[in-house]
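The values are calculated or read from the model by the stated rules, or taken from the named source; none is laboratory data. Given the structure is predicted, the values throughout are model-derived calculations rather than measurements. All Cβ positions, glycine included, derive from the backbone under ideal geometry; neighbour counts span all protein chains shown.
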Amino acid sequence: MAHLLGIDLGTTTTIVARVDESGAPEIIRDWEGEAITPSALCFETATHVVVGREARAMAEDAEHAFLEFKRDMGTGVSHPVFGQRVTPLDLSALLLRKVRTHAEAAHGPVDLAVITIPANFTNAAREATLEAARRAGFAQVHMINEPTAAALAYARGQKQPLDGLYAVFDFGGGTFDVSLVRAKGMSVQVVFTEGVQRLGGKDFDAKLTALVAAKFQAETGDELRAGDCEFSKADAEDLKHRLSSRQAIRLPLRSAKHGRVHIEVTRAEFEAAIAGLVAQAEMACEGVLLRAGLDRRELAGVFLAGGTCRVPSVQAAVHRVFGQEPQLRDPDTAVALGAALYAAHKADPAKLSPAQRRRAAEISFQDIAPHYYGTLSLDDDGVLENSIIISKGEKLPVARTRTYYTVEADQRVLTCEVTQSAIPENDPLMVLRIAEVEMALPAGRPADQAIEVTFAYDLNGIMRAEFRDLGTGQPLVIELRDEGAGRGSLNVAKVTLG
């Protein structure tokens, strides 16, 4: 039997699932016996790191404690720790190593792991996540977008098989994504995805903290500050959870200067404070329908994932945008369970038990291009622009060809570039250049020599960009490999001329 893991590596929590002997996904409880592990680390020394619930409890006072580092994956952020600097990649690797060693102690060596990522993660963040998994000791790793994983979990858990178009609304602790999928049974086809990378439950907590601070100041005339009156991140999260089931909460705050201070926070005040954040999610939902060219009346259902979906005003916003009551079932664990199912889909069938193989055979998966891919060219007015060749949302595999022309007589060099963007952007300053290779051209030719450009993106996460001089027939081929298993982390793997 293969040991397959699905890991929801979240901003605030990490949840791990495995595929059991029968081929069904199940949650693996952590080293403290809990299903949900805080994504928290605390360095007690340069070599001793506390991970999880204990680290989160230490975070308010410890100098070298880290929370919410997922938000900075793929950036230049680093932190000083006992004479060295650590990055979000380093922190993620330490967390994943703890997850791996615990899972292996309970169930043996891991054959394959699937780690979930936000659909709107940047290329650099995807690459950093993959590298963190490698450093953690996972031999074979794939990645899947979080809302897609949630869709697989919902597909398995229905009394009646899915059949139609569905929206998956995934609102976690630090990121937000919404995907449209077509599903029939356990066959899931991604249609389109939108998201906001820095939008999640922690932003709600910050608004709630500001609301409590304003009420404290109105009551006492003093600012709410550490050393006098403590109101921690954990306190804000707890208050958020309580306001999801109650209309008002009376908080007894302890102040060194003022003694016990009672303030009341109502759900209406909380909802007013987070209205702008909820509106961002609503706009993304409207955008995913618009860009997919679909109407909300075509939806057969709406699924919720992520703990932030428990907030009543979030559920109301989903109902408002999509025009129907969303389903909320196991929002904390859906992404991890779906990732475990995807692990079975990606595993070598020869390593699966007969029961696992039967379950894996039920799953089929149609992915899409995760970004817009193009090249730089001059428009009719001689202005440099980004020319899109493969559009975000196109079904894989996909191949597209466009013809361009040289602009100068006796042009000796052609700069072959591949660009990537999250939106259909024409401005060359607003796109990421992921490949740039020069190709020599024959001397003495007039302008307007045809250059045929073909981009082909396959199911294995490899994109082939061919720039062919039609006058000579000579091609320059740039092969970009997605080492994140189809999730958009393209890197130049090979360049071939002629």
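For the stretch 287-300, which residues satisfy the criterion of being over 22 Å from the mean Cα position of the chain (by Cα) and touching a residue at least 12 places away in the same chain (Cβ under 8 Å)? First the steps, then the outcome.
Step one: of the stretch 287-300, the residues over 22 Å from the mean Cα position of the chain (by Cα) are 293-300.
Hits for the stretch 287-300 are Leu294, Arg296, Arg297, Glu298, Leu299, Ala300.
Quick check on the stretch 31-61: of everything there that is small (Gly, Ala, Ser) and surrounded by 15 or more Cβ atoms within 10 Å (Cβ to Cβ), which residue is nearest to Ala133 (Cα to Cα)?
That would be Ser39.
Can you work out which of the residues in the stretch 306-332 that are among the small types (Gly, Ala, Ser) and in contact with a Ser or Thr (Cβ under 9 Å, 6 or more places away or on another chain) is surrounded by the most Cβ atoms within 10 Å (Cβ to Cβ)?
Of everything passing the filter in the stretch 306-332, Gly306 is surrounded by the most Cβ atoms within 10 Å (Cβ to Cβ).
What's the number of the condition Ala281 fails, among (1) in contact with a Phe, Trp or Tyr (Cβ under 6 Å, 6 or more places away or on another chain); (2) more than 23 Å from Val335 (Cα to Cα); (3) not β-branched (Val, Ile, Thr)?
Single failed check for Ala281: (2).
Could you please give the count of residues in the stretch 392-406 that are within 11 Å of Gly374 (Cα to Cα) and acidic (Asp, Glu)?
Result for the stretch 392-406: 0.
Out of the residues in the stretch 62-84 that are closer than 22 Å to Glu230 by Cβ and in contact (Cβ under 8 Å) with a residue 40 or more places away in the chain, which is surrounded by the fewest Cβ atoms within 10 Å (Cβ to Cβ)?
Result: Glu68.
For the stretch 93-107: of the residues being closer than 16 Å to Ile27 by Cα and small (Gly, Ala, Ser), which is surrounded by the fewest Cβ atoms within 10 Å (Cβ to Cβ)?
For the stretch 93-107, the residue satisfying everything is Ala105.
Here are the criteria: (1) free of Cβ contacts under 8 Å to residues at least 12 places away in the same chain; (2) among the small types (Gly, Ala, Ser); (3) outside any helix (DSSP H, G or I). Tell me which single one Gly276 does not satisfy.
Only one criterion in (1) free of Cβ contacts under 8 Å to residues at least 12 places away in the same chain; (2) among the small types (Gly, Ala, Ser); (3) outside any helix (DSSP H, G or I) is unmet by Gly276, namely (3).
Note down all Cβ pairs under 9 Å where the first residue falls in the stretch 206-218 and is within 14 Å of Pro252 (Cα to Cα), the second is assigned to a helix (DSSP H, G or I), and they're at least six residues apart or on different chains.
Note: pairs meeting the criteria are Val212/Asp235; Val212/Ala236; Val212/Leu239; Lys215/Glu269.
Which one of these is at pLDDT 90 or above and closer than 22 Å to Val190 by Cβ: Val407, Val437, Val398, Val453?
Val398
Return the residue satisfying two criteria in turn: it lies in the stretch 156-177 and is under 15 Å from Ala336 (Cβ atoms) and surrounded by fewer than 24 Cβ atoms within 10 Å (Cβ to Cβ), and of such residues it is modelled with the highest pLDDT.
Checking each candidate, the answer is Arg156.
Within the stretch 435-458, count every residue that is over 18 Å from Thr403 (Cα atoms) and loosely packed, with under 12 Cβ neighbours inside 10 Å.
2
So Ala300 fits all but one of (1) in a helix (DSSP H, G or I); (2) in contact with a strand residue (DSSP E or B) (Cβ under 7 Å, 6 or more places away or on another chain); (3) small (Gly, Ala, Ser); what number is the exception?
Going through the list (1) in a helix (DSSP H, G or I); (2) in contact with a strand residue (DSSP E or B) (Cβ under 7 Å, 6 or more places away or on another chain); (3) small (Gly, Ala, Ser), Ala300 breaks only (1).
Among the residues of the stretch 362-381, how many are in contact (Cβ under 8 Å) with a residue 12 or more places away in the chain and either farther than 24 Å from Ala465 by Cβ or within 24 Å of the chain's Cα centre (by Cα) (or both)?
Residues in the stretch 362-381 being in contact (Cβ under 8 Å) with a residue 12 or more places away in the chain and either farther than 24 Å from Ala465 by Cβ or within 24 Å of the chain's Cα centre (by Cα) (or both): 13 in total.
Can you name the residue in the stretch 366-398 that is over 30 Å from Val181 (Cβ atoms) and small (Gly, Ala, Ser) and, of all such residues, is surrounded by the most Cβ atoms within 10 Å (Cβ to Cβ)?
Ranking the qualifying residues of the stretch 366-398, first place goes to Ser377.
Which residues, taken from the stretch 337-354, are over 30 Å from Leu304 (Cβ atoms), part of a helix (DSSP H, G or I) and touching a residue at least 24 places away in the same chain (Cβ under 8 Å)?
The one that is over 30 Å from Leu304 (Cβ atoms), part of a helix (DSSP H, G or I) and touching a residue at least 24 places away in the same chain (Cβ under 8 Å): Lys351.
If you scan the stretch 243-273, which residues turn out to be surrounded by 14 or more Cβ atoms within 10 Å (Cβ to Cβ), out of contact with any Asp or Glu (no Cβ under 9 Å at 6 or more places or on another chain) and free of Cβ contacts under 8 Å to residues at least 24 places away in the same chain?
Within the stretch 243-273, just Thr266 meets the criteria.
Is it true that some residue in the stretch 100-114 is under 26 Å from Glu237 (Cα atoms) and within 21 Å of the chain's Cα centre (by Cα)?
Within the stretch 100-114, none of the residues are under 26 Å from Glu237 (Cα atoms) and within 21 Å of the chain's Cα centre (by Cα).
Identify the single condition in (1) touching a residue at least 60 places away in the same chain (Cβ under 8 Å); (2) in contact with a Gly (Cβ under 9 Å, 6 or more places away or on another chain) that Thr87 does not satisfy, given that it satisfies every other one.
The one condition Thr87 does not meet is (1).
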